[in-house]
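Asks: Got a structure here, written out as structure tokens. Questions coming.
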Amino acid sequence: MSDFEAKRETALRLLKATGITESNYRPPLLRLLWRLGFKVRPPHFASFGATAVFAGSFFAIGWGAVMWLLVWHSAGLSPMAALGSSAIAGAFFGLVMSAYYAYGRKKHRLPDWDNLGTTSFGQTADTHSG
């Protein structure tokens, strides 16, 4: 097992022990990325900036595409205005999601990613996952 995989498993045990719902700390897109071999941290252990960019980008692309197909194109909105609106919505969504995960990290006193497996946090998770 790689260092990343060991830290990910420790992180997932910790998150489960907090009572946070699994769909919150293991969203479907993240599970897909893990299956494809991407080394993406669970959102509670990712940096504020990385979460903002990741969540905001996916939201901007998805929301922008749906809005273009269902509303904006037929309303005559220019492609540049659509891109700008998508970027603004994505930035807002990314910041909100980053704040949400940062709050959860602080509320549950989760350790930094770099400290997983090197402190007693990993053993604490084992005793709570029962």
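The values are calculated or read from the model by the stated rules, or taken from the named source; none is laboratory data. Quantities reported herein were computed from a predicted structural model and do not represent experimental measurements. With ideal geometry, Cβ positions are generated from the backbone for all residues, glycine too; neighbour counts draw on all protein chains shown. These area figures cover heavy atoms from the full protein model, side chains too; ligands, DNA and RNA do not enter into them. Shrake-Rupley method; radii C 1.70, N 1.55, O 1.52, S 1.80 Å.
Asks: From the phi angles alone, apply the Karplus equation (6.51, -1.76, 1.60; θ = phi - 60°) to region 90-101 and give each ³J(HN,Hα) in whole Hz, x where the residue is Gly or Pro.
Replies: Result, rounded to whole Hz: x, 4, 4, 4, x, 5, 5, 5, 4, 5, 4, 5.
Asks: Can you give me the accessible area per residue for the chain, using a 1.4 Å probe, in Å²?
Replies: Roughly 62 Å² per residue, with all protein chains present.
Asks: If one takes the longest principal axis of the Cα atoms in the chain, at what angle in degrees, from 0 to 90 and to the nearest 10, does the Cα axis of helix 48-67 lie?
Replies: Once rounded, the angle reads 40 degrees.
Asks: Which option, [x] 179; [y] 115; [z] 101, is the value of volume of the Cα convex hull per residue in Å³ that was calculated from these coordinates?
Replies: Computing volume of the Cα convex hull per residue in Å³ and matching it to [x] 179; [y] 115; [z] 101 gives [y].
Asks: What's the longest bit of the chain with no exposed trypsin sites (Lys or Arg not before Pro), using DSSP loop states and at most 15 other Cβ atoms within 10 Å as the test?
Replies: 40-108
Asks: Which angle between 0 and 90 degrees, to the nearest 10, do you get for helix 3-18 versus the longest principal axis of the chain when only C-alpha atoms count?
Replies: So the helix axis and the longest Cα principal axis differ by about 90 degrees.
Asks: Could you order THR21, THR51 by accessible surface area, starting with the largest, using a probe radius of 1.4 Å?
Replies: Largest accessible area first, the list is THR21, THR51.
Asks: So, one more: Taking square-rooted eigenvalues a ≥ b ≥ c of the alpha carbon gyration tensor, is region 44-86 rounded, prolate or oblate, where a/c under 1.5 means rounded and, failing that, a/b exceeding b/c means prolate?
Replies: prolate
Asks: When the accessible area of region 17-111 is computed with all protein chains present and a 1.4 Å probe, what percentage of it is carbon and sulfur?
Replies: That share works out to 71 percent.
Asks: Okay, moving on. If you wrap a convex hull around the C-alpha atoms of region 1-55 and split its volume per residue, what is the figure in Å³?
Replies: 80
Asks: If the only charges are +1 at each Lys and Arg Cβ and -1 at each Asp and Glu Cβ, what is the size of the charge dipole of the chain around the Cα centre, to the nearest 20 debye?
Replies: Computed about the Cα centre, the dipole is about 180 debye.
Asks: Would you work out which of HIS73, PRO28, ALA60 lies farthest towards the positive end of the dipole of region 1-113, given +1 charges on the beta-carbon of Lys and Arg and -1 on that of Asp and Glu, about the Cα centre?
Replies: Of HIS73, PRO28, ALA60, it is PRO28.
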